[in-house]
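> Before I ask anything, let me first share the structure, which is written out below as structure tokens.
Nothing in this text is a laboratory measurement; each read-out follows from the coordinates by a stated rule. Keep in mind the model is a prediction, meaning the values are calculated, not measured. We place every Cβ from the backbone using ideal geometry, glycine too, and count neighbours over all the protein chains shown.
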Amino acid sequence: MANGTPMLFRLSWLSTMMVAGLVLAGCDNTMRQIGKPVESSPAVQAESREKHTDHTYGFTVKYYAREYAPLIEGPAQATAQPTAVQRVRFQRKDPATGRVADRKPSGLTVSVFERSPERLLQDWLDASGLLPPGSEISLVRLTGVKEGLRVTLRQQPAPNEFVYLANDQYVYGLVPHDAQGGKMLRSFRLLPDASRAHMRH
């Protein structure tokens with residue numbers, strides 16, 4: 001009886017440690033899940049998002065294909081200044097017909113501008129009239145991007161957030177018009193060979 005007591009004690013201690021380990025692992029897993037953005041769920045993305053890929057100007061955007069359709073505009077259709085070499089508007093569809101409702105605002109607009117690589121992005125934005133008074137500027141980092149800036153105009157009604165990303169050849173201007181557009185903006189990526197895309201064009 002006396003000889004069995006240490007063995008029972010050791011088994012009880014071991015069981016306690018195993019339970020504690022499982023509880024801690026569960027807490028760690030819960031913390032990781034809380035830290036994940038809601039839109040990153042693979043099941044949700046696979047169900048509702050498609051990838052728009054532009055090989056000419058070297059970028060991709062994931063968009064909600066059931067609700068939006070990409071409309072591509074060339075320089076001849078551009079009305080705003082500075083003139084974009086290409087503009088893609090992710091336009092909301094009419095729920096009843098499934099067709100693009102052109103009069104409704106875009107979820108996200110991506111404009112591509114040519115730039116000189118020796119000019120700083122902020123200088124280019126200022127010279128192009130894209131830094132109005134009251135602009136709040138913050139840095140944006142993204143793989144493949146040499147410079148990235150977010151311009152916020154808090155005194156202006158939406159859209160009042162503008163993200164500009166630059167490589168050696170282009171400035172990509174992204175304007176989200178609603179919450180869905182903000183999620184699409186966060187999916188924007190440059191293709192690995194984006195800096196050489198214009199040479200093949």
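> Note down the nm distance, to one decimal, between modelled labels 7 Å out along Cα→Cβ at Asn160 and at Ser116.
Inter-label distance under the simple model: 3.5 nm.
> How much length would be gained if the chain were fully extended between Arg150 and Thr60, taking 0.36 nm per residue of separation minus their Cα-Cα distance, in nm to one decimal?
Gain on extension, Arg150 to Thr60, equals 30.5 nm.
> Please arrange Lys51, Lys62 by how many other C-beta atoms lie within 10 Å of their C-beta, fewest to most.
Lys51, Lys62
> Ser187 to Ile137: FRET efficiency via 1/(1 + (r/R0)^6), r the Cβ-Cβ distance, R0 35 Å, to the nearest 0.05?
Plugging the Cβ-Cβ distance into 1/(1 + (r/R0)^6) gives 0.95.
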